[in-house]
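Beneath this line is the structure, given in structure tokens, with notes to follow.
The values are calculated or read from the model by the stated rules, or taken from the named source; none is laboratory data. Everything numeric here is computed off the predicted structure, so don't read it as measured data. Quick reminder, even Gly has a Cβ in these numbers, built from the backbone with ideal geometry, and neighbours come from all protein chains shown. When the accessible area is computed, the model is the full protein with side chains, heavy atoms only, and any ligands, DNA or RNA have been set aside. Shrake-Rupley method; radii C 1.70, N 1.55, O 1.52, S 1.80 Å.
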Amino acid sequence: MLTASIRHIFNYASFGSRNFHLSVVLPAEPLKKKKRVDPQVELERIRKKTRRIEKEIKRLEQRGRYLKPLDEIEGERHFIKTLDSRERKLPAPSQTEVEQRALLMKEWTRFKWRQLDTECQLLANQRRELYRAMQHLRMLDPSLFELASQPDESLLGLSLSGPLYTLPQSADVFDAVDGDYRDVTPTYRYTFEVDKKMTFGKKK
Amino acid sequence: KYPMPSLSRLSTTLLNYCRFSRLPWQPTRLLCDQPAPRLPRVYEPEYLDYKPDYPAANQFNLSFTCHEYPVLERFVKYAHSLLRNQFKLGPDNCRQVPYPQRKTIVDLYQPESTKVRDTFQLITYRRVLIVDNLPAVEMSLLINLLAHNLPEGVNLKIEQPSEEDDEFRFVPDLEVQELKKQVELGRSGK
């Protein structure tokens, strides 16, 4: 509207040769006067805001953290949905089969118990010998006993792996392939919005 | 009424007896050397029964990782029962903590090129046993036993518990992180 009025002036006034031209600056508002901000007031404002944000942080932390879901325990949806189609309907086992299975289970139980018992005895023997040795050491040299009973720092950071199914193969048998690893572990990032009152962002 | 013979005379008499008897010579213990007979506990101070304390090892993590879950589950169950029953650690001292799985996609290239010929997914499952108050001397026994019994494909790592490690179990609280950033902004001086 302002530009229209200026154009009106331009059209009907005799300023044609004066090179009176419009620019962006002409219809703009005059600049506002900068308010003088008291530093104490400003500091107090910031302090209040940080206190409010900290209160909000405390409230959010109190409600507890969510644990990531474990696929191996909850099960994969695809498999749960197709469970009916993959279930086998077998006939009921015969009496002899049932008896054989029961006897096999007994054999297995006996074997596992014997295994556990042997292991427990071995461990108990080891422990007994260990403490006996410690007692002897204590009688011989109390300072060495003190040292020996301290925790062993070299055990931390130890990395052990189970045996391998096959022996290492020679180069002419094993084809060493080039490839690449990509980490695709889900990161669980979600969209969220923070209240503007809780931010120190620039004013729009 | 009778004067007690001196101790040295008593000991020499005993020694002479041992020397000249048919029995093989054994250092006999003097009566004064033998421990006092065990009196009922009511009248005995408790400190006489105190054994020397064996300091406990600091809290440590037994971290088991494997690409196959059933194998891992079974072995961790065994390790947990071992710690509970053989090493006598209560539920407070021995806890099992599950960690979410890590997925990796492996691309295999054609020979002498980066053209992918095969791709598959590897999942690493992880379970951790947090062990507390285990006597430090018994730690080597435990590690030895576990190392000998490790199944194929299972890796064991002994590490100290850390918060960054534990953070992986939780969904990141992005709102709290953002708010904390704002607090830092405010403190540093807008």
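Details
- Hits in region B:156-187 (condition: open to solvent by 40 Å² or more (accessible area, probe 1.4 Å) and either of a type in the set (Lys, Arg) or over 31 Å from the mean Cα position of the chain (by Cα) (or both)): B:LYS157, B:ARG169, B:GLU175, B:GLN177, B:GLU178, B:LYS180, B:LYS181, B:GLU184, B:LEU185, B:ARG187
- Cβ pairs under 7 Å, 6+ apart, first in region A:136-152 and open to solvent by less than 80 Å² (accessible area, probe 1.4 Å), second in a helix (DSSP H, G or I) and among the β-branched types (Val, Ile, Thr): A:SER149/B:VAL137
- Within region A:157-190, the set of residues being of a type in the set (S, T, N, Q) and either facing chain B (nearest Cβ under 9 Å) or touching a Lys or Arg at 6+ places or on another chain (Cβ under 9 Å) (or both) comprises A:SER159, A:SER161, A:THR185, A:THR187.
- Any hit, region A:155-173, residues being assigned to a helix (DSSP H, G or I) and among the aliphatic types (A, V, I, L, M): yes
- Answer from A:LEU90, A:LEU83, A:LEU130, A:LEU103 - the residue that is within 14 Å of chain B (Cβ to nearest Cβ), without any contact (Cβ under 8 Å) to a residue 60 or more places away in the chain and on the phi < 0 side of the Ramachandran plot: A:LEU130
- B:LEU122 open to solvent by 40 Å² or more (accessible area, probe 1.4 Å) and either within 10 Å of another protein chain (Cβ to nearest Cβ) or in contact with a Ser or Thr (Cβ under 8 Å, 6 or more places away or on another chain) (or both): yes
- When residues in region B:72-85 are screened for being of a type in the set (S, T, N, Q) and open to solvent by less than 40 Å² (accessible area, probe 1.4 Å), 1 of them pass.
- Qualifying position, being more than 7 Å from every other protein chain (Cβ to nearest Cβ), surrounded by fewer than 14 Cβ atoms within 10 Å (Cβ to Cβ) and β-branched (Val, Ile, Thr), among B:VAL97, B:VAL128, B:VAL116: B:VAL116
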